[in-house]
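*Asks:* This structure is in structure tokens; I'll ask about it shortly.
The values are calculated or read from the model by the stated rules, or taken from the named source; none is laboratory data. All figures in this text were calculated on a predicted structure; none of them were measured in a lab. Every residue, glycine as well, gets a Cβ built from its backbone with ideal geometry; the counts of neighbours run over all protein chains shown. Side chains included, ligands, DNA and RNA excluded: accessible areas come from the protein's heavy atoms. Shrake-Rupley method; radii C 1.70, N 1.55, O 1.52, S 1.80 Å.
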Amino acid sequence: MTEYNFAYLDEQTKRMIRRAILKGLAVPGYQVPFASREMPMPYGWGTGGVQVSAATLVPEDRFKVIDQGADDTTNAVSIRKFFERTAGVATTEHTAEASVIQTRHRIPETPLSEDQILVYQVPIPEPLRFLEPRETETRKMHSLEEYGLMHVKLYEDISQHGAIATSYAYPVKVEGRYVMDPSPIPKFDNPKLSDCPAIQLFGAGREQRIYALPPYTRVISLDFEDYPFEASKADHACDLCGAGDSYLDEVITDDQGGRIFVCSDTDYCRGRREAGHQGTQAQDAPMTTEARA
Amino acid sequence: MSTTPLLQVRDITHYYGARIGCRDVSFDLYPGEVMGIVGESGSGKSTLLGCLAGQLAPDAGEVLFDTRSDGLRDTLKMSEPERRMLSRTDWAFVHQHARDGLRMGVSAGGNVGERLMAVGARHYGDIRDQAVDWLGRVEIPADRVDDRPTAFSGGMQQRLQIARNLVTGPRLVFMDEPTGGLDVSVQARLLDLLRGLVREMGLSAIIVTHDLAVVRLLADRLMVMKDGHVVETGLTDQVLDDPQHGYTQLLVSSVLQV
């Protein structure tokens, strides 16, 4: 343990990241540049989220990591172990017990509270990137609030697919000002961004950007009057715990076309099963979801 | 024709380092009037157009535009958000190469709809109806509305660019060689279309070109530029039929007769 400074990064780096976080909280949805460090993991594996977590953690924290909702996937397990070793913080798989939750591509189903911080891993922080490749131009578009182009993307979706086909990383407008990429969470999770009691921090390591949503921020998903935003999920209940209100993964169980739908949030699913809820396949399915990684 | 000019240009000067881009250019443009600017390559006509349209910052001069809300304003002294707002509502810019003015990865309907969405349209059905209507006006079949401009011919791309620019009902259109690079029969149809739209919508336009036939057809007045200076100005027919300045005489006599 003595080989590492607390939470791996040196104190000066953590101060620099905290300054970026504070600025991000002061200007919700604005992308703050920061001097992203090399981390002992490849870009794309959550280096932004890890740096934000490192700057946020204190020794008393209880830390949880999820990857697409699951606590037991490779990415989640390695990041959790990383902070167990370098920060010595307690860890947990229970959403309600955690004080800092690092997430990739999901918001937990269990509602968050005021004493929690949710840290997102973000691959591409710029929502306008695929419409306008020039960073100079996208920055200008943000500063001048020129967001017509974002609706061109949604228009294209409807004209090609008959509905807004964007199903993840669905663009949102924060407090009526900045358009923000909520990271690749399914659009099912978008409503949870808004008016959330917890602090939400977004870190993009390769792109060197941090942005944030302070508690109880108004976040609105962009849409058209005649094609309103819809938080969609598979039209099914969880086959393990019977939940009808959680986001589901479709799991192929054999090569005869057999499939089951299970909660993507493993902690939520387990909690429900421990409380006695059952889905149609509860008996023969494993308790963990390692098989679908 | 109204008595207040829509656009008043005063002593516009732009230098590229020590070289002159354009110098001391002044003119008035009245509502519904089409002004042609001709001259050879390097004469400063595109520089001038860039200065007027807010794409280049002139070193001296004023560009006064009669805005809808608060009357005559110097567009060069406007804040950037104001100027950008102007350039997607009251102004339009038709580029020589359609690729510069279109989003090639976005369908024709999306291209036309972009300006509507940029000024706040949020009803898909309405946006699409307007897009289809405008495609019809520029003679693009309605069933091509979901095709990308990459699937269009050069002439169609140019017409799409015009539709995209005119959909918000601008009052002033800047055109930089709108017929450049098109073959003559396509040019003729495009000019026909432009002439119709200009008359029908009462547009004012500034057309930069080196093609004298284009200005003969479209422009009411003509300005001839050489080495960054305006050497002659007047009614189009008058300038072309009775050129006074030596350079204009050379220009007019250089046109190939078929």
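*Asks:* Using alpha carbon centroids, what distance separates the range B:77-126 and the range B:138-160, in Å?
*Replies:* Measuring centre to centre over Cα atoms gives 17 Å.
*Asks:* What whole-number value in Å² describes the accessible area per residue of chain A for a 1.4 Å probe?
*Replies:* I get 44 Å² per residue for chain A.
*Asks:* At q = 0.09, 0.14, 0.15, 0.19 Å⁻¹, what is the base-10 log of I(q)/I(0) for the range B:43-147 according to the Debye formula with one equal point scatterer per Cα and no solvent? Please give it to two decimals.
*Replies:* -0.31, -0.70, -0.78, -1.05
*Asks:* Loop-only chymotrypsin sites (Phe, Trp or Tyr not before Pro) in the range A:1-42, please: DSSP not H, G, I, E or B, and at most 15 other Cβ atoms within 10 Å.
*Replies:* Passing sites in the range A:1-42 are A:Tyr4.
*Asks:* Using only Cα atoms, find the angle between the long axis of helix B:154-166 and the longest principal axis of chain B, and express it within 0 to 90 degrees, rounded to the nearest 10.
*Replies:* 90 degrees
*Asks:* Grab the beta carbon distance between B:Leu72 and B:Tyr16, set R0 = 35 Å, and tell me the FRET efficiency rounded to 0.05.
*Replies:* Given R0 = 35 Å and the Cβ-Cβ separation, E is 0.75.
*Asks:* Whole number please: convex hull volume per residue, Cα atoms of chain B, in Å³.
*Replies:* 132 Å³
*Asks:* Check every DSSP H run in chain A and write down those whose alpha carbon atoms cover 24 angstrom or more along the long axis and whose mean Kyte-Doolittle hydropathy is 1.6 or greater.
*Replies:* none
*Asks:* Only counting protein heavy atoms at a 1.4 Å probe, give the residues of the range A:148-164, ordered by number, whose accessible area falls by 40 Å² or more when the other protein chains are present relative to the chain alone.
*Replies:* Listed in order, they are A:Gly148, A:Leu149, A:His151, A:Val152, A:Tyr155, A:Glu156, A:Ser159.
*Asks:* Need one number: convex hull volume per residue for the range B:118-258, Cα atoms only, in Å³.
*Replies:* Per-residue hull volume (Cα only) is 136 Å³.
*Asks:* Between the helical axis of B:124-137 and the dominant principal axis of chain B, each derived from Cα atoms, what acute angle in degrees is found, rounded to the nearest 10?
*Replies:* Relative to chain B, helix B:124-137 is tipped by roughly 50 degrees.
*Asks:* Please list 3J(HN,Hα) in residue order for the range A:166-181, calculated via the Karplus relation 6.51 cos²θ - 1.76 cosθ + 1.60 where θ = phi - 60°; whole Hz, with x for glycine and proline.
*Replies:* Going residue by residue, I get 4, 10, 9, 6, 6, x, 10, 10, 9, 6, x, 10, 8, 8, 10, 8 Hz, with x marking Gly and Pro.
*Asks:* Tilt of helix B:80-89 relative to the longest C-alpha principal axis of chain B, in degrees (0 to 90, nearest 10)?
*Replies:* In chain B, helix B:80-89 runs at an angle near 70 degrees to the longest axis.
*Asks:* Using 1/(1 + (r/R0)^6) with R0 = 22 angstrom and r between the beta carbons of B:Ala142 and A:Thr166, what's the FRET efficiency to the nearest 0.05?
*Replies:* 0.25
*Asks:* Evaluate 2.2 N^0.38 Å with N set to the residue count of the protein assembly as shown, then give the Cα radius of gyration divided by it.
*Replies:* Computed over Cα atoms of the protein assembly as shown, the ratio equals 1.24.
*Asks:* Express the accessible area of the range B:108-258 per residue in Å², computed with a 1.4 Å probe while the remaining protein chains stay in the model.
*Replies:* 42 Å²
*Asks:* Dividing the alpha-carbon radius of gyration of the range A:1-45 by 2.2 N^0.38 Å (N being the number of residues), what value is obtained?
*Replies:* Compactness ratio reported: 1.36.
*Asks:* Now, a different point. If you take the beta carbon distance between A:Glu250 and A:His277 as r and set R0 to 22 Å, what does 1/(1 + (r/R0)^6) give as a FRET efficiency, to the nearest 0.05?
*Replies:* The calculated FRET efficiency here is 0.65.
*Asks:* Under the definition of partner shielding as Cβ atoms of other protein chains within 10 Å of a residue Cβ, what is the mean value for peptide B:76-87?
*Replies:* Other-chain Cβ atoms within 10 Å of each residue's Cβ, averaged: 1.
*Asks:* Moving on. Go through the range A:9-83 and name the GluC sites (Glu not before Pro) that are in a DSSP coil and have 15 or fewer other Cβ atoms within 10 Å of their Cβ.
*Replies:* Hits after loop and neighbour filter: A:Glu38, A:Glu60.
*Asks:* Rounded to the nearest 5, what % of the DSSP beta bridges within the protein assembly as shown are antiparallel ones?
*Replies:* Taking every DSSP beta bridge with both residues in the protein assembly as shown, the antiparallel ones total about 55 percent.
*Asks:* Taking the DSSP beta bridges in the range B:113-258 as the whole, what percent of them are antiparallel, to the nearest 5?
*Replies:* 55 percent
*Asks:* Please turn the phi angles of the range B:217-231 into ³J(HN,Hα) values with the Karplus equation 6.51 cos²θ - 1.76 cosθ + 1.60 (θ = phi - 60°), one per residue in order, whole Hz, x for glycine and proline.
*Replies:* Couplings: 6, 9, 8, 7, 10, 9, 10, 10, 10, 8, 6, x, 10, 7, 9 Hz.
*Asks:* Right, another one. Magnitude of the Cβ-charge dipole of chain A, K/R +1 and D/E -1, about the Cα centre, nearest 20 debye?
*Replies:* 1040 debye
*Asks:* Further question: Quick one: with all protein chains in place, what share of the accessible area of chain A is carbon or sulfur, to the nearest percent (1.4 Å probe)?
*Replies:* The C+S portion of the solvent-accessible surface of chain A is 51 percent.
*Asks:* Work out which residues of the range B:106-120 lose at minimum 50 square angstrom of accessible surface when the other protein chains are put back, relative to the chain isolated, with a 1.4 angstrom probe, and list them by number.
*Replies:* B:Met117
*Asks:* State, in square angstrom and to the nearest 100, the accessible area buried between chains A and B, both chains counted, probe radius 1.4 Å.
*Replies:* 1800 Å²
*Asks:* I've got another one for you. For the range A:36-104, what does the relative contact order come out to in percent, with C-alpha contacts under 8 Å and a separation of six or more?
*Replies:* Computed over the range A:36-104, the figure is 39 percent.
*Asks:* Roughly to the nearest percent, how much of the accessible area of the range B:127-248 is carbon and sulfur, given a 1.4 Å probe?
*Replies:* 48 percent
*Asks:* Let me ask you something else. From Cα pairs below 8 angstrom and at least 6 apart in sequence, can you work out the relative contact order of chain A, rounded to a whole percent?
*Replies:* 20 percent
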